[in-house]
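Written below as structure tokens is the structure these notes are about.
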Amino acid sequence: MANIRDKSLIFSSLALWACLLPTVARATEPQLPEEMPVHKTSISGLNLALNPEVEAFSDTGVTSSFPTQELISQETTPVADVPEAADVPEAADVPEAADVPETDRLHLADQSTASTPSVSELMDETQHDSVGQVTSVSQLSDVQPDDWAFQAIQSLVERYGCVAGYPDGTFRPSRAMSRREAAALVNACLDNLSNRFATKEDLDALKALQDEFAAELATLRGRVDGLEARVATVEAQQFSTTTKLSVDAVFSAQFGDSGNGAFDNSSDGLTPGANQLADSRASLIGSVYMSFNTSFSGDDLLQTTLFFGNQGQDLFSNAQLGTTQSLPNSAPGFGQGAAETALFSPSQYYFAGLPNQANLYRLAYTFKPIEDLSVTVAPLFYPTDIIDGNSYTSPFTGFSTWFLINNPLITPYVANFLGGAGGGFDWNVNGGPVSVRGAFVAVNGFSATEVGSGDANGGLFGDPYQATVELEYANDIGDDSNFAVRLQYTNADTGNIQQNAVGINAEAKFGQFGIFGRYGYSFADADNQVNATGFAVNPLPFSVGPVDNFEAQTFQAGLGMHDLLIPGSLLAATVGAPFIVSDADFPGTGVGVNDETQFNVEAFYRFPVNDNISITPIFSAIFNPNNSSVEPNLYQGLLRVVFSF
């Protein structure tokens with residue numbers, strides 16, 4: 001139907017031009033012999049707003065009447081004995097194309113297809129100079145919307161691209177046209193029609209291809225029908241239209257030992273080297289994190305994460321590094337209100353000790369009130385969900401122990417281990433290289449009554465809590481090279497120890513090679529307090545007595561190499577000291593008490609098996625544990641396999 005409609009429009013336009021032809025030559029139209037029957041053609045569906053007789057005016061003012069009813073007939077009479085061209089009287093005073101001034105020649109629109117030789121000859125006679133393409137009837141100054149032929153002219157110009165008007169930007173609708181111009185116009189319009197619609201040859205070729213590949217087309221139709229049925233089934237049975245489930249399952253195998261077997265793993269933290277670790281054994285550690293990620297608008301995220309494990313232990317967990325009288329570490333206990341309060345990072349394996357029943361690990365909602373700003377509110381989340389990130393130190397893809405994953409002074413262990421209620425924000429300024437982040441976590445924010453004693457009173461704004469801001473600048477420095485620098489400040493009150501800590505977290509990648517590191521400096525105050533059990537608050541292992549103001553430092557530095565042997569792999573090594581303090585700030589120091597600095601060393605090689613599985617062999621060593629020269633060194637080998645789906 002579209003082809004018929006388009007052809008009707010073009011023939012309507014051509015009929016208009018045909019009506020104007022008889023008097024164009026300013027001469028009498030040649031007459032057929034009286035005995036010759038006239039060839040009448042039926043033009044069905046021709047709906048032109050024509051008068052019964054259309055008058056065409058020549059340049060000399062001669063008028064000729066052309067009855068339209070002779071065009072519109074219900075029958076076709078054959079033509080017989082048509083006289084040869086030589087027998088037809090020549091028109092008198094018909095000006096040749098060469099005699100017509102350039103400004104009086106009708107220009108056709110540029111055509112993308114070559115014209116037939118005879119038509120090209122005609123066009124050469126009527127058009128010698130190039131004319132700017134007219135694409136809208138509004139560009140023709142003498143064609144008005146109220147003209148009775150406006151729609152026909154508009155179709156010729158805009159829809160079919162047949163006419164470009166005269167060089168002076170006019171159409172001259174009242175001027176007669178020569179037969180040469182009419183022939184060129186008709187040919188141009190037919191060329192455009194043939195370009196727009198398939199020919200019979202095209203349709204025949206298409207049918208032949210259909211017949212040749214009928215079997216393949218039937219197979220494809222069957223597959224499409226099958227896919228539609230499967231999609232309908234999935235949509236009907238899907239868990240949720242707004243929620244996606246993501247799972248990280250971690251299998252770990254470990255074996256570790258101490259240098260000479262003598263190690264203080266007691267909970268009192270009083271006598272270095274006085275107790276004996278039991279004989280080491282290999283162990284398997286399993287942990288699973290299941291996250292239900294829900295989005296209601298596309299720009300928000302409700303994250304509900306459950307976690308559980310097999311309560312597996314590693315050697316470092318059993319050593320209970322960082323334990324003191326007032327700040328015990330009751331590893332492997334988990335859950336709100338547990339006694340994991342050590343300020344001195346215990347350096348245990350990140351996935352050790354997970355309970356064997358499902359627990360809520362994270363419940364947080366993040367949304368964007370404005371562009372580039374994400375805001376998080378959470379009954380339970382962790383400060384490192386927002387701040388202190390580093391691409392080399394993720395627990396699932398990087399290092400394995402708590403100290404080497406995050407800065408223990410910027411993110412105190414009690415807040416980062418237990419998590420808490422609070423919120424945060426991440427503002428990427430104008431989508432550029434600068435980001436500002438903040439996080440607030442109250443470990444006992446769930447409590448409606450006082451918890452603990454002294455300043456450790458719990459609640460949404462009580463001890464233990466931490467508030468951190470971070471300023472990041474991250475940018476590219478060339479092909480496959482980039483860097484990021486993060487400046488940090490933390491105000492925290494954990495276990496009756498108040499801190500104001502500053503830190504820096506940096507990383508850079510240069511092709512395959514990378515460097516990274518952290519540093520923290522804390523101005524702390526224990527205020528000579530005594531906790532609920534009657535012990536003076538003291539964060540240094542084996543140190544006894546009240547502590548007032550003290551300063552602490554921590555650092556970590558490392559190197560990495562990407563895509564070593566296997567694409568997507570990472571080889572990395574790091575060294576760091578979790579807790580550097582001065583003897584002058586702590587009472588009771590001596591042999592085995594803060595007489596050395598603890599150093600943690602770790603190296604791993606992570607390689608992907610596929611997009612969902614990675615394998616990471618890890619070696620870890622702790623020298624001078626608990627800042628003591630008496631404590632033996634600890635060594636641990638671990639194989640971590642992560643399944644992500």
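A few notes on this one:
- Residues satisfying the stated conditions in the stretch 569-585, i.e. open to solvent by less than 40 Å² (accessible area, probe 1.4 Å) and within 39 Å of the chain's Cα centre (by Cα): SER569, LEU570, ALA572, THR574, GLY576, ALA577, PRO578
- Contacts under 6 angstrom Cβ, first residue in the stretch 606-631 being free of Cβ contacts under 8 Å to residues at least 24 places away in the same chain, partner crowded, with 17+ Cβ neighbours inside 10 Å and of a type in the set (Ser, Thr, Tyr), 6 or more apart: PRO617/TYR605; ALA621/TYR635
- Pairs with Cβ under 9 Å, 6+ apart, first in the stretch 475-492 and in a strand (DSSP E or B), second acidic (Asp, Glu) and open to solvent by 40 Å² or more (accessible area, probe 1.4 Å): ASN482/ASP476; PHE483/ASP476
- Test: residue in the stretch 571-585 that is in contact (Cβ under 8 Å) with a residue 24 or more places away in the chain, of a type in the set (A, V, I, L, M, F, W, C), out of contact with any Gly (no Cβ under 8 Å at 6 or more places or on another chain) and more than 26 Å from ASN407 (Cβ to Cβ): no
- Candidate set: the stretch 522-549, residues that are assigned to a strand (DSSP E or B) and open to solvent by less than 50 Å² (accessible area, probe 1.4 Å); chosen: the one modelled with the lowest pLDDT: ALA536
- Test result for LEU559, under 23 Å from PHE516 (Cα atoms), at pLDDT below 95 and open to solvent by 50 Å² or more (accessible area, probe 1.4 Å): no
- Residues that are open to solvent by less than 40 Å² (accessible area, probe 1.4 Å) and touching a residue at least 24 places away in the same chain (Cβ under 8 Å), drawn from the stretch 586-602: PHE586, GLY592, VAL593, ASN594, GLN598, ASN600, GLU602
- Filter result (among the hydrophobic types (A, V, I, L, M, F, W, C) and more than 13 Å from TYR605 (Cβ to Cβ)) within the stretch 560-592: VAL575, ALA577, PHE579, ILE580, VAL581, ALA584, PHE586, VAL591
- Filter result for PHE619 (modelled with pLDDT of 95 or more, buried (at least 20 other Cβ atoms within 10 Å of the Cβ) and of a type in the set (Phe, Trp, Tyr)): no
- Qualifying residue in the stretch 368-383 (condition: of a type in the set (Gly, Ala, Ser), surrounded by 18 or more Cβ atoms within 10 Å (Cβ to Cβ) and over 26 Å from GLN254 (Cβ atoms)): yes
- Residues in the stretch 420-443 that are among the polar types (S, T, N, Q) and modelled with pLDDT of 95 or more were compared, and the one that is most open to solvent (accessible area, probe 1.4 Å) is ASN428.
- Considered as a group, the residues in the stretch 390-412 that are outside any loop (DSSP other than H, G, I, E, B) and open to solvent by less than 10 Å² (accessible area, probe 1.4 Å) include one that is nearest to ILE497 (Cα to Cα), and that residue is PHE403.
One line per residue, one yes/no per condition, for (1) closer than 24 Å to PHE255 by Cα; (2) open to solvent by 10 Å² or more (accessible area, probe 1.4 Å); (3) at pLDDT 85 or above; (4) assigned to a helix (DSSP H, G or I):
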residue	(1), (2), (3), (4)
ILE285	yes, no, yes, no
TYR289	yes, yes, yes, no
ASN293	no, yes, yes, no
LEU302	no, yes, yes, no
LEU306	no, yes, yes, no
GLN313	yes, yes, yes, no
SER317	yes, no, no, yes
ASN329	yes, no, no, no
GLY337	no, yes, no, no
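- Which listed residue is open to solvent by less than 40 Å² (accessible area, probe 1.4 Å) and either farther than 30 Å from PRO539 by Cβ or at pLDDT below 75 (or both), from GLU181, GLU235, GLU212, GLU216: GLU181
- Residues (out of contact with any Asp or Glu (no Cβ under 8 Å at 6 or more places or on another chain), at pLDDT 80 or above and exposed (fewer than 15 other Cβ atoms within 10 Å of the Cβ)) located in the stretch 126-140: SER138
- Residue in the stretch 344-367 that is surrounded by the fewest Cβ atoms within 10 Å (Cβ to Cβ), counting only those that are among the polar types (S, T, N, Q) and part of a loop (DSSP other than H, G, I, E, B): GLN357
The values are calculated or read from the model by the stated rules, or taken from the named source; none is laboratory data. All figures in this text were calculated on a predicted structure; none of them were measured in a lab. All Cβ positions, even for glycine, are placed from backbone atoms using ideal geometry, and neighbour counts span all protein chains on display. With ligands, DNA and RNA removed, areas are computed over all heavy atoms of the protein, side chains included. Shrake-Rupley method; radii C 1.70, N 1.55, O 1.52, S 1.80 Å.
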